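The values are calculated or read from the model by the stated rules, or taken from the named source; none is laboratory data. As the structure is a prediction and not an experimental result, all values here were calculated from the model. As a convention, Cβ positions derive from the backbone with ideal geometry for all residues, glycine included, and neighbour counts pool all protein chains shown. When the accessible area is computed, the model is the full protein with side chains, heavy atoms only, and any ligands, DNA or RNA have been set aside. Shrake-Rupley method; radii C 1.70, N 1.55, O 1.52, S 1.80 Å.
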Amino acid sequence: MSEEQKPQDAYDAPQAEEISTETGPATTSAGLTEDDDNVP
Amino acid sequence: MRTRPPERPVGAKLELTHACNLRCGFCYTDSPRHTLLRTPDLPDDAWHRIANEAADLGVIELVLTGGEPFLRRELVLGLLDEMAGRDVGLTLNTNGWFVDDEIADRLAAVPGLQVDLSIDGATPALHDASRGVPGSWRRAVEATGRLLDRGVRVQVVHVVTPINERHFGAMIEQMWTLGVTSLRATPVVEVGAAARGGRWPVSRDRLRRTIKDFSKTHGDGMRVVLQHGNAGVLAIHDHAAPVSMLVRPGGAVLTDSLHPFRYGNALEEGLAECWSRIVENWRDPEVSRWAKSFRNSRDLADAEVIPYLSDEVPVGSEAKAASHVSDPVPERAVPKDDSGDPAENLARAREHVRGLALNRRYRMAPAKLGGGPEEHYVRQPESGRVLRLNASAAAMLHELDDGTGADAVATLSQRWSVDRSQLETDVLATGRSLVSEGILVPVAGCERVAS
């Protein structure tokens, strides 16, 4: 079914929220990656 | 606290003219009196010389003001062009009356310019009564709209009086609708004409509460600042060294608008020499004595020398000067719209402001879109921020790309059966939000024709 043929959808108030697209390793508050914590 | 002025001035404020086309009873520069008297101003070439000397001295900000600067249209536009080329931060104060499409285009071409535009109420009745000339509200809001259409940074300056104080909430709401991002509310400073015209008490606490309530509803989408009181500035005079200088329309150099002491003439002695005198004498005993004689801002109106209402005092002299409290001032016109039901006046004014905002055209900034038809993701290239837009926000972004808010409302009302007024509010809010995120940019009429 094309976009134009879809039944009328419910209206939600517009929202624009910032999201994170980060996929790398977690970072500690000191700015080190968790792997680095174990570096002697 | 700054206990020493810097070696060189940081900023300079140039009052390009005494004259003004409006007749505000609270005018701190007492421009209506000077307009009637035709008090002479420095010629254009002198102002160009002074502005260039300020740039040579390394000022990082230049404020062009009046009177109404656009009564000297070619001078102010020429100075803006010239100083932008010298990499000086620029602020222009205006009442907006003369800001037509042509001037708005010229201002939009000045990099980094901030325009401070005066609007004193949510309705013509309130503003025009403050400004003393019918039609001035319409001119001011339309000028603001024109500048916002072109992406010019506008700060609305709102003088709060005992008459418009209780309508402050409606005023900031109105400016939010128009698309304004910054509003400075300033209770009347009792100098100049305001010192001639009685008392102007307002409740700062009530204004603060109104600002807080507004923030709860609208978040931080519009910065609303309440100007500090002035008595404090004077009370700490000995510990708050000047960083900038003020040049009056005839060339007299002062430290600011609150201290009526003259440190020379910009044309005759030059700014560098005047700044040296400020550095040397800003704590002159007579200046300190005068500044410390105030316990609150109301005392200013009873001072022996009242800024802008008395002649300035050469520094080093006793603080006594001729006062112009009894000089004639122009008649204030009775505003035509100062009648009828206030609620109806406000509804009409809201409709006008909403129309200006809904007719603003946008286009998308070069941002990257992702996701599917029901949910958009957009990455702002400069900040790297990624936003997720729900279906209605995504549809609004789509419609506002080379469209106006009115276009978006017309299309989206066919897709969703939602109250039109609510849809208008949502489109305006989404437009504001996406502009502040750098996803949408307003485009002026001329750009539209060219594309």
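Among the GluC sites (Glu not before Pro) in the stretch B:338-443, those placed in a DSSP loop whose Cβ has at most 15 other Cβ atoms within 10 Å are B:E374, B:E375, B:E382. Computed from the Cβ-Cβ distance with R0 of 22 Å, the FRET efficiency linking B:Q227 to B:D299 stands at 0.75. Counted residue by residue at 0.36 nm each, then reduced by the alpha carbon distance between them, the extension gain from B:S317 to B:H398 reaches 22.5 nm. Compared with the direct C-alpha span, the chain from B:L37 to B:V10 gains 6.4 nm at full extension, assuming 0.36 nm per residue.
Report the normalised scattering of chain B as log10 I(q)/I(0) at q = 0.11, 0.12 Å⁻¹, calculated by the Debye formula with identical scatterers on the alpha carbons. Ignoring solvent entirely, the Cα scatterers give -0.92, -1.07. Once you sort the root eigenvalues of the Cα gyration tensor of the stretch B:272-419 as a ≥ b ≥ c, which label holds: rounded (a/c under 1.5), prolate (a/b larger than b/c) or oblate (the other case)? Oblate shape, in that a/c is at least 1.5 and b/c is the bigger or equal ratio.
Panel note: contact residues of the stretch B:408-442 (accessible area lowered by at least 40 Å² against the chain on its own; 1.4 Å probe) correspond to B:R415, B:W416, B:D426. Between B:L246 and B:K13, B:L254, B:T255, B:D256, the built amide H atoms are under 5 Å apart, and every one of these is 5 or more places off in sequence or on another chain. Accessible surface area normalised per residue over chain B is 44 Å², counting heavy atoms of protein chains with a 1.4 Å rolling probe. Per-residue shielding of B:386-395, expressed as the average number of other chain Cβ atoms within 10 Å of the residue Cβ, stands at 5.
Pairing chains A and B buries close to 1500 square angstrom of accessible surface in total, based on protein heavy atoms and a 1.4 angstrom probe.
Amide H contacts for B:V157 (H built 1.01 Å from N in the peptide plane; partners 5 or more residues away or on another chain; cut-off under 5 Å): B:L117, B:S118, B:I119, B:R184. Going by the alpha-carbon gyration tensor, a ≥ b ≥ c the square roots of its eigenvalues, is the stretch B:369-409 rounded (a/c under 1.5) or, if a/c is not under 1.5, prolate (a/b greater than b/c) versus oblate? Since a/c reaches 1.5 but b/c is at least a/b, the shape of the stretch B:369-409 is classed as oblate. Normalised by 2.2 N^0.38 Å, with N the number of residues, the alpha-carbon radius of gyration of the protein assembly as shown equals 1.11.
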